[in-house]
1. Sort through 75, 30 and tell me the only one that's closer than 30 Å to residue 103 by Cα and open to solvent by less than 60 Å² (accessible area, probe 1.4 Å).
2. I'd like to know if region 45-54 contains one or more residues that are surrounded by fewer than 14 Cβ atoms within 10 Å (Cβ to Cβ) and aromatic (Phe, Trp, Tyr).
3. Going through region 22-64 one residue at a time, which ones are of a type in the set (A, V, I, L, M) and touching a Phe, Trp or Tyr at 6+ places or on another chain (Cβ under 6 Å)?
4. Please find, among 38, 14, 25, the residue that is more than 28 Å from the chain's Cα centre (by Cα), assigned to a helix (DSSP H, G or I) and touching a residue at least 24 places away in the same chain (Cβ under 8 Å).
5. Residue check, residue 138 against (1) assigned to a helix (DSSP H, G or I); (2) farther than 30 Å from residue 47 by Cα; (3) open to solvent by less than 100 Å² (accessible area, probe 1.4 Å); (4) at pLDDT below 80, all met but one. Which one?
6. Select, from 164, 195, 120, the only residue that is loosely packed, with under 15 Cβ neighbours inside 10 Å, modelled with pLDDT under 85, basic (Lys, Arg) and assigned to a helix (DSSP H, G or I).
7. The conditions are (1) among the hydroxyl-bearing types (Ser, Thr, Tyr); (2) in contact (Cβ under 8 Å) with a residue 60 or more places away in the chain; (3) part of a helix (DSSP H, G or I), and residue 6 fails exactly one of them. Which is it?
8. Only residues that are open to solvent by 70 Å² or more (accessible area, probe 1.4 Å) and modelled with pLDDT under 85: list them for region 10-27, please.
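The values are calculated or read from the model by the stated rules, or taken from the named source; none is laboratory data. Here the structure is a predicted model, which is why all the values come from computation and not from measurement. Don't worry about glycine lacking a Cβ; one is built from the backbone with ideal geometry, like all the others, and counts go over all protein chains shown. To get the accessible areas, we keep the full protein, side chains included, count just its heavy atoms, and leave off ligands, DNA and RNA. Shrake-Rupley method; radii C 1.70, N 1.55, O 1.52, S 1.80 Å.
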Amino acid sequence: MEEKETPPAIIQALTTEHFVLQGALSANTGEVGTRASLYIFSLSSSLVALGFASRSPEVFVPFVAIVLPAVFILGVFTSIRLVDSNLEGIVFLNGIARIRRFYRTLGSPVPEQFSPEFGRWPENQVPPELQMGPFVGFLTTTASMVAFINSILAGVGVALLVGRVFPEKQTLFAWLIGAGAALVLMALFLMYQKRRYDFLPA
């Protein structure tokens, strides 16, 4: 029994969808880089401003009280959006893989050209970011990078606050509290990120 030939309109529609998904994936990747760069630029600019403000104790304390929370909130929003962007990228890759699977049904020599071995994840079943384990994969996302830096920023802010509220305490005490706050925030973010990935359709 002869196989039915696929209508050209379907091929054209799938090719267009493939192109749209690839473009969306590229735009998504660009957004990830732009958002991360915006946060790092805002943080570095704030640190430079803090350096100038530190020359005047009267200005430094209120400046820190305003700038550090603002940058921290920006970092939280950035991390959350980067997780969303990563998930959107996975959806785009799944869509491309689905179209490539259809291409392999078109007959020789198409299957060889679109074989899973020459595709990217999820067709190629070894995600590069997970070769060292899921935990390392979660730690090395762009969202985790921003969240890690943001957690350190929050830890510094907490240490400064503790040192200000309890001036009689040793400096080590304030920094231990700050380090603990940073670790807790990073752990909370990793839990949030994993929870979001767990709800991603397979």
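1. 30
2. Yes, because at least one residue in region 45-54 is surrounded by fewer than 14 Cβ atoms within 10 Å (Cβ to Cβ) and aromatic (Phe, Trp, Tyr).
3. First, the residues of region 22-64 that are of a type in the set (A, V, I, L, M): 24-25, 27, 32, 36, 38, 40, 43, 47-50, 53, 59, 61, 64.
Residues satisfying the conditions are 24, 25, 53.
4. 14
5. If we test residue 138 against (1) assigned to a helix (DSSP H, G or I); (2) farther than 30 Å from residue 47 by Cα; (3) open to solvent by less than 100 Å² (accessible area, probe 1.4 Å); (4) at pLDDT below 80, just (2) comes out false.
6. Values: 195 fails: modelled with pLDDT under 85; 120 fails: assigned to a helix (DSSP H, G or I).
164 is the lone residue from the list that is loosely packed, with under 15 Cβ neighbours inside 10 Å, modelled with pLDDT under 85, basic (Lys, Arg) and assigned to a helix (DSSP H, G or I).
7. Unmet condition: (3).
8. 10, the sole residue that qualifies.
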